[in-house]
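Chemist: Once you've had a glance at the structure underneath, I'll fire off some questions.
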Amino acid sequence: MKLEPAKNQREFSQAENALRKKIREILKGLVFANTGEHRVAEEWLYQKFLAGWTKPEIFPALRGKKQIFRPQKAVQPQDARLMPRGQRVSLNYHPEFSNSEFEKLSFGLLPSVPEDKWLISLDDEHLCFFRSGTRVCLYEAKVQKLAHGCRVKGAWVDRGFLEQNEWNSPAYAERLLDYLIRRLLLGAAVAFPYPAGVQKALDRSMLRLGLVGKNLIPEE
């Protein structure tokens, strides 16, 4: 007897979810066996390993190390300072983060689908925020390592990005940078910061989609 299309799709989704769950269990076992690390975040498995950004061959090289390993990166260290000093605006943004939060910052973020708008990389002391489609660096933060975590010693935004939108300003740029760090890198449940001048629901939806995308950000 032929199944209805909706039922076929439902059964397919259930089988896919079961397979992904099994893959997660296997990957966690591989990580623990090769690194002794229990604390591998679920989102890391989805965004980094399952998205194909990291290969299992790197596990043996990390045997015995205590820190959670970082995924392979598409951005090379020499590309991490693409914002010339004359084209950037300084921001008054100096938060501190704990050691566990610094660990998450060090993972960065690699886009897996076109809806992922940002590629984020921490190389040396420079936390750089590139637009995934153009690889243009729009934000840069200098991170100072501390005994209890880290502190943002300096932060900048691209002058062109700041000036091309009438709703943008240094104050809003600081709010957006804080959102990108806390939502995309730390996984905190923080609300998207809409500019005061953008009030219509459609305008807000389009702005949010253009700036952040929706693959990693559930609808609020």
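The values are calculated or read from the model by the stated rules, or taken from the named source; none is laboratory data. Treat the numbers as computed from the prediction; the structure is a model and nothing was measured. As a convention, Cβ positions derive from the backbone with ideal geometry for all residues, glycine included, and neighbour counts pool all protein chains shown.
Chemist: Any idea which residue in the stretch 110-126 is modelled with the highest pLDDT, counting only those that are crowded, with 16+ Cβ neighbours inside 10 Å and farther than 27 Å from Lys145 by Cβ?
Modeler: By that ranking, first place goes to Lys117.
Chemist: Condition first: at pLDDT below 90 and either more than 17 Å from the chain's Cα centre (by Cα) or crowded, with 17+ Cβ neighbours inside 10 Å (or both). Can you find one or more residues in the stretch 145-153 that meet it?
Modeler: Applying the first criterion (at pLDDT below 90) to the stretch 145-153 yields none.
No, because not a single residue in the stretch 145-153 is at pLDDT below 90 and either more than 17 Å from the chain's Cα centre (by Cα) or crowded, with 17+ Cβ neighbours inside 10 Å (or both).
Chemist: Given the condition farther than 23 Å from Asp116 by Cβ and of a type in the set (Gly, Ala, Ser), answer yes or no: does some residue in the stretch 208-219 qualify? Spell out how you get there, then give the answer.
Modeler: Going residue by residue through the stretch 208-219, those that are farther than 23 Å from Asp116 by Cβ are none.
No, because not a single residue in the stretch 208-219 is farther than 23 Å from Asp116 by Cβ and of a type in the set (Gly, Ala, Ser).
Per-residue answers, yes or no, for (1) surrounded by 14 or more Cβ atoms within 10 Å (Cβ to Cβ); (2) of a type outside the set (Phe, Trp, Tyr); (3) outside the structural domain of Glu163 (by TED's automatic domain parsing):
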{"site": "Arg88", "(1), (2), (3)": "yes, yes, no"}
{"site": "Tyr93", "(1), (2), (3)": "yes, no, no"}
{"site": "Ser100", "(1), (2), (3)": "no, yes, no"}
{"site": "Lys104", "(1), (2), (3)": "yes, yes, no"}
{"site": "Phe107", "(1), (2), (3)": "yes, no, no"}
